[in-house]
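I have placed the structure first, in the form of structure tokens, so that the comments after it can refer back to it.
The values are calculated or read from the model by the stated rules, or taken from the named source; none is laboratory data. Source: prediction; values computed, not measured. Note that we place each Cβ from the backbone using ideal geometry, even for glycine, and neighbour counts take in every protein chain shown. Please note that ligands, DNA and RNA were not included when accessible areas were found on the heavy atoms of the full protein model with its side chains. Shrake-Rupley method; radii C 1.70, N 1.55, O 1.52, S 1.80 Å.
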Amino acid sequence: MISGISQKVILPIFLLINFIPLGKTSDFNKNNYSKNKLIDQFIGDRYFKDIKSPSSDYSITQKQINFREYIQQDLDFENYSLPLLVSLSEKKEELIIQSDIQSEINNILSAQGNVSVSYKGKFLKADSLIYDKLNKKISAKGNIVLILGDQIFKISQLEYSFISEQGYLLDVKGYINTAKFIENLYSNFNLSDINKLENLLDLEKSEVLNTPGKVENWIFSTDKMTIDGTKWRSKKAVFSNDLLELKQVKVVINSLEAIPTGEKVRFKTSLNYLIFDEKVSIPFWLGERTLNTSEEFFDFDNRWTLGYDNLDKDGYFIGRKFNSIDIFDDFVIDLEPQFLIQRSLRGNTKSFVKKDDSITSEKVKSNTSFKDYFALNAKIKGPINNWDLEIEKNINSFDMNKFADAFRFQTSLTKEINFLNSKWDKSFYGIYRERVWNGSLGEAEIYRGFGSRLEKENSWVINGFKKTELLSLGLANLTAEALNTKNLVTKLKGHLFYSLDQQFPISVEEPKNKSIDTSYKYISEPIIKGLNFKTKLEASYSFYEDGAHQEYLGLGLGPELILGNFKNKTFDYTRISILPLYKFKSGDSVFKFDQNYDKFTLDIAFDQQLFGPVVLKSNGTLDLTSDSADHGEFINSKISLHWKKRSYEFGIFYQPHNQSGGISFSLFGFK
């Protein structure tokens, strides 16, 4: 999760000086310009009259001379604003400086008042700028603003020497849009982009709009950034996704050092901190890593995992995700070693069957060794032509005698295709020992299998009615636990599945404004209150190679009620949802994992704000099938307690049905 944060801090800072040409600067001396030279340097077919030759030490102010009239009189050149001090070229590769007052004395070029600098499509504004031609040193002071497309940086002072390649930036504060950052980094812009972004110069917002599922906009700051050759250093850099108050979430990066090389940046840090509400600090370590233009910005996967899995890991465990490792041709591998806390404390395990028994046999208690205290999750992913390959492996013990029981494997090859005038997801997959929960039948296991699936999902809104449609069909060869015995059976299976979920507003109060301000402390977007009715339609048909088949039609209808605004401290938000589902079914599967057994179920969800940001969430499926052994009991369930704020959310959850749990963390984005 935290790796993406530091990756974004470096590249914007690297650009703060990139507007300056590192090789040479075109000296401005009007005495040296002939008519032919000017014609060569201006773009288009232009004609000039005789040119007056002022001395090299000059001073021109807009109060004394109307600049446009000066150009028209001396150059007979309409609609052109002459950039002074460095270059007369309109080429974007050269540095162009404009200001109210310009002067050159003893090879010291000075610009005062509304200084504007453009270079390679990047723009900088400042109150004053000085360039020492002999010592190749540039400095700027006062209200410095650097604009790179949608990226904005404010600086109080900068200084840089092209000879020693050393300099510094003071009081840097920036607004970063990660979605367009790479595009802005390598694209050119027009002067109109400056005016377009003037309204964004106030970095702290009074109102913001939530960007669901995306965290793209960040505020960051550092007191001082130093440059020494290719190395950029900052003792402390801070940034936040909270655009309103900049205090709900802060990420503090300490001892930051970055080395840009081409389109990559290698950086390292010391111990860093994730700070919540300026009160709680959680340390984390980034180490050394490399960011390139092909990587995603801000990968917020939590690198530390604290979880509970009683079936495979005998209880509590802790894990740490490593940085992604490049293998070859855009393929990367992600590794997460885990330490099985509860198994190591007990000194025994109940996660494996007896040696030489069938994989579907009952698990037995056995003593453990040091090799049983560790587990590993590994994922390999990358492109193959127009396909995306992903391989996931889980090892729950490093005892080779238990390897067949401790190893789980999944792989998929997916691609988006056009079929029947719409977009579908086409996939091929392979599995080894996949756990499947099947309601009141409990957990079943697919021992091995391979197959292909074609799937399409659409969501849309019509007159306030929300609809989600899913269509899936596939064919697979599977070896799995039989329906009525512990034996493994191998069969060919085909399936066709369709579902349609709908939500109809009955009495709903839509918020007048979708944006939020500082009064919204606990939520990232306004609550849509009221009563809705939800419907569910499911249709499924499965067939097997021995002639067996099963099918069902499922119908569900139920209310969802949402109360409160979630702005007060106590009981200001309640959500209740009830959805009964009845299945008209026939036939039987040859496997346990996909048998349509539960005819009548009731899905229940209840969320309640307790106090401030503390929210209790629960959901489950109640079995109402009359002839079921679990009649009247929950066959799926989850309960969680959340600390919910505008910019982030923590949660701890437990799932009683499969004896698993863990910790969740989310950040919310705004614009």
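Against the list (1) part of a strand (DSSP E or B); (2) modelled with pLDDT under 95, the condition residue 484 fails is (1). For the subset of the stretch 204-231 comprising residues that are open to solvent by 80 Å² or more (accessible area, probe 1.4 Å) and assigned to a strand (DSSP E or B), which member is farthest from residue 521 (Cα to Cα)? Looking at residues that are open to solvent by 80 Å² or more (accessible area, probe 1.4 Å) and assigned to a strand (DSSP E or B), I get 224. Filtering 423, 456 for residues that are in a strand (DSSP E or B), surrounded by fewer than 14 Cβ atoms within 10 Å (Cβ to Cβ), among the basic types (Lys, Arg) and within 29 Å of the chain's Cα centre (by Cα) leaves a single hit, 423. For the condition in a strand (DSSP E or B), modelled with pLDDT of 90 or more, within 29 Å of residue 639 (Cβ to Cβ) and not acidic (Asp, Glu), residue 350 qualifies. Of all residues in the stretch 117-152, those that are closer than 20 Å to residue 171 by Cα and of a type in the set (Ser, Thr, Tyr) total 2. The set of residues in the stretch 307-324 being assigned to a strand (DSSP E or B) and open to solvent by 80 Å² or more (accessible area, probe 1.4 Å) consists of 316 alone. Of the residues making up the stretch 73-94, none is in a strand (DSSP E or B) and either modelled with pLDDT of 80 or more or touching a Gly at 6+ places or on another chain (Cβ under 7 Å) (or both).
A quick yes/no check of all residues on (1) open to solvent by less than 50 Å² (accessible area, probe 1.4 Å); (2) touching a His at 6+ places or on another chain (Cβ under 7 Å); (3) within 26 Å of residue 637 (Cβ to Cβ); (4) of a type in the set (Val, Ile, Thr):
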residue	(1), (2), (3), (4)
497	yes, no, yes, no
506	no, no, no, yes
525	no, no, no, no
532	yes, no, yes, no
537	no, no, yes, no
560	yes, no, yes, no
606	no, no, yes, no
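For the criterion of being at pLDDT 50 or above and in contact with a Leu (Cβ under 6 Å, 6 or more places away or on another chain), residue 227 fails. When you look at residue 504, is it assigned to a strand (DSSP E or B), in contact with a Phe, Trp or Tyr (Cβ under 6 Å, 6 or more places away or on another chain) and of a type in the set (A, V, I, L, M, F, W, C), yes or no? When the stated conditions are applied, residue 504 passes them. For the stretch 533-590, a residue qualifies if it is within 16 Å of residue 609 (Cβ to Cβ), in contact (Cβ under 8 Å) with a residue 24 or more places away in the chain and part of a loop (DSSP other than H, G, I, E, B), and the qualifying residues are 564, 565, 566, 567, 569, 571, 572, 573.
Does the stretch 365-385 contain at least one residue that is of a type outside the set (Asp, Glu), over 35 Å from the mean Cα position of the chain (by Cα) and surrounded by 15 or more Cβ atoms within 10 Å (Cβ to Cβ)? The answer is yes; a qualifying residue exists. Annotation: residue 218 fulfils all but one of (1) farther than 23 Å from residue 518 by Cα; (2) of a type in the set (Phe, Trp, Tyr); (3) at pLDDT 70 or above; the unmet one is (1).
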